[in-house]
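Asks: Next up is a structure, given as C-alpha cells.
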Amino acid sequence: MPSRLDNINEQRRQKLERLRARGIDPYPHRFRQTHTTREAIAALEAAEAPGAATQARSRGFGQEKEEISLAGRITAIRRMGKSSFADLRDGAGKIQLLFQNTDQFEEEKRELFKDLDIGDIIGAGGALLRTRTGEPTLAVHDFSLLAKSLQPLPEKWHGLADTEKRYRQRYLDLIANSEVREVFLARSQIISAVRQFMDRRGFIEVETPVLQPSAGGALAAPFITHHNALDRDFYLRIALELHHKRLIVGGFDKIYEIGTVFRNEGISTTHNPEYTLLESYEAYADYTDVMVMLEEMVAWVSRQVLGATAIKYGEHDIELKPPWRRVTLRDAVREHSGIDFVKYPTASGLRERMRSLKVDTDPDKNWARLVDELYKTFARPRLIQPTFLIDYPVSMSPLAKNKPGEERVAERFQAVVGGLEIANAYSELNDPLEQRERFAEQMKERHGSDEEQWTIDEDYLLALEYGMPPTGGLGVGIDRLVMLLTDQPSIREVILFPQLREKQ
RNA sequence: GGGCCGCUAGCUCAACUGGCAGAGCAGCUGACUCUUAAUCAGCAGGUUACAGGUUCGAUUCCUGUGCGGCUCACCA
C-alpha cells in the first residue's frame, strides 16, 4: 500500500514545511556571491601558481584563506558521516563543496543540511582548497538555502534522454545534459559574432514589423492573427525583405536584421514554424559581392566561435575557408541528375524527361517546381562542401534581377553546406514596372491553389517607383547555420523551445 | 497527410515463444571525517501512454486513439 511518503514530491513538501516551521525562509530574496564557480577555480589556480605565493598572501591566500561565497544548484550530494561533499553548479560551471565535520555546525544549519536535496539552490561561503585527489573545492563554513526544489532531477549519469521531455521541459535538458547547454551557448555566440561582423562592415541593425497587412517577400503560407482595435486581420511576417528594401529606398545603404519569421508549413528536421532569419541589404552591390561577404562571414563566425574553419558535420569534414565553389544551378543539376533542364523549357517536356529517373513528377507541379524537385533530389544532398548555386530560373525568383542579356536567368544564389541550404540571395529587382509584372505572374500561378494569401504589395511597388539603387540582398537561416557549426542533425536541437503538438 | 519505429517506477533501461513486472540512479532508514557514478545494510516506489478486443491468462498478440522520433509528401 503506497504511503504518501513514497512520493518524492510529497517528501519535499514536508521538508519545506519543516523548514518554515523552524523559521527558515525557503525562498529568500537575495544572495551576494563574490565569485562564480569558474572564477573561484581560477582564483585557486592563481593562488597556487609558482611565484604567486607572496602576491597571494598579500591578497589573503596563504595561512589565512580568503573567504568567498558562491551560489548555485546542488547537483549531487555524497554524505559520508560527519563529512559530506556536494557538487554546486552555476551558470559558469561547477565546483565541489566540502561540508566538513557537520557536527560542528550549529543546530539550525545541521538540520538544514540534513534536509538539503539534490536540486536545491543554495549560497555557500567558505575557503578554497584542493582535496587529496586534487579536486578544487570550497570548504563550506556557512551556507543558506536560496530556493527549495520540490521535483526530483533527471538521473545524474545518463541525463535526460526522452526527446519529447527534453523539448517540452528544456530547463531539465539544460540541467541534465551539458552538451545541450554547450549548443545553446554556441548559438548565442554565433548570433553575437554575426552581429559583430555586420556592424564592423558598417551595416546598421533595423527592426521591421512582424505584423503585416499582407505577408510578402517569400511564397510561404503565413499565420493569420487579428488586431482587435483596428478590427482587421494581420499576417505574421514570412520574410524581412520588402520592408528592408523600403529602407534602402529611404537611403539607409547597408542594413540588416536578425529576427523571427513565421511560416505556416510542415515541420521537419530542417523546418520549424518560427525561425530566425538574418537578412541584409547593401546598396550598389550585386549578388557576387554578397557571395564574397557571406563566405567571409561564415568563415569568420566559425573562427570566432570554434576557433577554426574546418568543421565536422555528421560524417563529413567540411572546410569553410573562402573562396567557396560557385556552380550554376543548371550545371549542378546536370552533373547530379544528367538532365539539362534548359533543354526542356516546358513543364510537360521536363516531366517527360524526369519520368525515367523515378522522381516525383506530380502533374500539379509547374516547370519551376520540377526544376526544384530535380535539385532537391539529386544535387542538394551531395553538396557537402560549401557551394554557391548560382543563376536560378527567373520563374523561381520573382524578386531577383535577371542576368544582363539572359531573360530566363536570375542573378540569384543559394548557399549549400553539408546538404543544408543556409542562405538565399540575389541582385534585387529594382525596376518597379517589371516587378509589377512579376507579381502579376505569381498571382496568376498561385490562383487556384492558394494556400498562400498572396496579394500585390502596392506600397512596396510605390517605394520602388521612387527609385531604389542597385542592391544586393541576403537571407541566412540562422538556425541552420547553428546546426552546421554545432554539428546537430535536427533544427529542434538548436531551438530552445521547438514547436510541438499540444500534449493531451 | 502517408509509411516505419517508440511509449514499462521521478530518471536511464530490462522482462525469451503470451505465464507472479525487475535492475541501476534518485527517495526513505541506518553505518561511515577526502568523496566525486562514493561505499555498505535495509525499506519503499507500477493504471506497463490511453480505450477496446482475442485468451484460462496480455507489458507481450490484434484494432483504434494520443504524443514523440525517423522518413516521404508539402515547403521558391
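Asks: Tally the DSSP beta bridges in chain A and give the antiparallel ones as a percent, rounded to 5.
Replies: Numbers: 75 of 84 bridges.
Percentage antiparallel, nearest 5: 90.
Asks: Quick check on packing: order A:258-269, A:479-490 by the mean number of other C-beta atoms within 10 Å, highest mean leading. Please list the in-between numbers first.
Replies: On the way: A:258-269: 15.8, A:479-490: 21.5.
Highest to lowest by the protection proxy: A:479-490, A:258-269.
Asks: With the Cα gyration tensor of segment A:160-264 in hand, give its eigenvalues times 5 under a square root as the equivalent ellipsoid semi-axes, listed largest first in whole angstrom.
Replies: On the way: eigenvalues 203, 112, 20 Å².
Equivalent-ellipsoid dimensions as semi-axes: 32, 24, 10 Å.
Asks: Points 7 angstrom from Cα along the Cβ direction at A:L462 and A:K156: gap in nanometres?
Replies: 6.7 nm
Asks: Label points 7 Å out from Cα along the Cβ direction at A:R200 and A:A42: separation in nm?
Replies: Reported label-point gap for A:R200 and A:A42 is 2.2 nm.
Asks: Of A:M443, A:M396, A:M198, A:M80, how do they rank once you tally other Cβ atoms within 10 Å and put the fewest first?
Replies: Working: A:M443 13, A:M396 18, A:M198 21, A:M80 8.
Ordered by Cβ neighbours within 10 Å, fewest first: A:M80, A:M443, A:M396, A:M198.
Asks: Would you mind computing, in nm to one decimal, how far apart the modelled labels at A:A147 and A:A440 are, each placed 7 Å from Cα along Cα→Cβ?
Replies: So the label points at A:A147 and A:A440 sit 6.1 nm apart.
Asks: Taking only Cα atoms of segment A:336-422, what ratio of Rg to Rh do you get with Rh as the Kirkwood inverse-distance radius?
Replies: On the way: Rg = 13.2 Å, Rh = 13.6 Å.
That ratio is 0.97, to two decimals.
Asks: Rounded to the nearest 0.05, what FRET efficiency do A:E335 and A:E107 give with R0 = 56 Å and r taken as the Cβ-Cβ distance? Could you check? Spell out each step's value before the answer.
Replies: Details: r = 79 Å, r/R0 = 1.41.
Step by step, r from the Cβ atoms, then E = 0.10.
Asks: So how do A:K245, A:K94 line up by other beta-carbon neighbours within 10 Å, fewest first? Could the numbers behind the result be given before it?
Replies: Numbers: A:K245 24, A:K94 17.
Lowest to highest Cβ neighbour count: A:K94, A:K245.
Asks: Tell me, A:R408, A:R12 in order of fewest to most beta-carbon neighbours within 10 Å? Mind showing how you got there, number by number?
Replies: Values: A:R408 13, A:R12 19.
By the 10 Å Cβ count, ascending, the order reads A:R408, A:R12.
Asks: Quote to one decimal, in nm, the extra length available between A:S83 and A:S268 on full extension: 0.36 nm per residue of separation minus the C-alpha distance between them.
Replies: Difference between extended and current length: 61.5 nm.
Asks: Given the DSSP H assignment, sum -39500 (n - 2.57) over each helix run of at least 4 residues in chain A and divide by its residue total; what's the result at 222 nm in deg cm²/dmol, nearest 500? Write down the numbers at each step before the final one.
Replies: Values: 15 runs with 165 residues, N = 504.
Calculated from helices alone, the mean residue ellipticity at 222 nm is -10000 deg cm²/dmol.
Asks: What aspartates and glutamates could a cross-link reach from A:K321, if we take a straight Cα to Cα line under 19 Å and drop same-chain neighbours fewer than 8 places away?
Replies: Within the straight-line limit of under 19 Å, A:K321 reaches these aspartates and glutamates: A:D289, A:E295, A:E296, A:E421, A:D487.
Asks: Tell me which DSSP H helices of chain A clear both cut-offs, 30 Å or more of axial length from alpha-carbon atoms and a mean Kyte-Doolittle hydropathy of at least 0.0.
Replies: Numbers: long enough: A:178-200 (33 Å, -0.06).
Long hydrophobic helices here: none detected.
Asks: Quick one: which of A:K15/A:K165; A:K245/A:K312; A:K245/A:K365; A:K343/A:K403 span more than 25 angstrom between C-alpha atoms? Working shown, then result.
Replies: Details: A:K15/A:K165 27 Å; A:K245/A:K312 36 Å; A:K245/A:K365 30 Å; A:K343/A:K403 19 Å.
Going by Cα-Cα distance, A:K15/A:K165; A:K245/A:K312; A:K245/A:K365 fall outside the 25 Å limit.
Asks: Moving on to the next point. What are the aspartates and glutamates whose alpha-carbon lies under 12 Å from the alpha-carbon of A:K401, with same-chain residues fewer than 8 places away excluded?
Replies: Correct list for A:K401: A:D286, A:D391, A:E411, A:E428, A:D431, A:E434.
Asks: While we're on this one: Averaging over every viewing direction, what projected area does the convex hull of the Cα atoms of chain A cover, in nm²? Mind dumping the intermediate values first?
Replies: Values: hull surface 134.7 nm².
The directionally averaged projection comes out at 33.7 nm².
Asks: Roughly speaking, what is the stretch gain from A:E207 to A:A92, that is 0.36 nm per residue apart minus the C-alpha to C-alpha distance, in nm to one decimal?
Replies: Working: separation 115, 0.36 × 115 = 41.40 nm, distance 3.16 nm.
Here the segment from A:E207 to A:A92 would lengthen by 38.2 nm.
Asks: Straight-line reach from A:K82: which aspartates and glutamates fall under 20 Å, measuring Cα to Cα and dropping same-chain residues less than 8 apart?
Replies: Those aspartates and glutamates meeting the cut-off are A:D103, A:E106, A:E107, A:E108, A:E111, A:D115, A:D117, A:E135, A:D142.
Asks: Taking every alpha carbon pair in segment A:266-404, what does the distance histogram look like in 10 angstrom bins from 0, in percent?
Replies: Going from the shortest bin to the longest, the percentages are 10, 31, 36, 20, 3, 0.
Asks: Run through the DSSP bridge list for segment A:157-261 and note the antiparallel percent, rounded to the nearest 5. Can you show the working numbers first?
Replies: Details: 6 of 8 bridges.
Within segment A:157-261, antiparallel bridges account for around 75 percent of the total.
Asks: Check which residues have an amide H placed less than 5 Å from A:A410's amide H, if you skip close sequence neighbours.
Replies: A:Y392, A:V394, A:K403
Every number in this text was worked out from the coordinates using simple rules, so none of it is lab data. What you see is a predicted model; the values in this text were computed from it and never measured. Backbone-built Cβ (ideal geometry, glycine too); neighbour counts: all protein chains shown.
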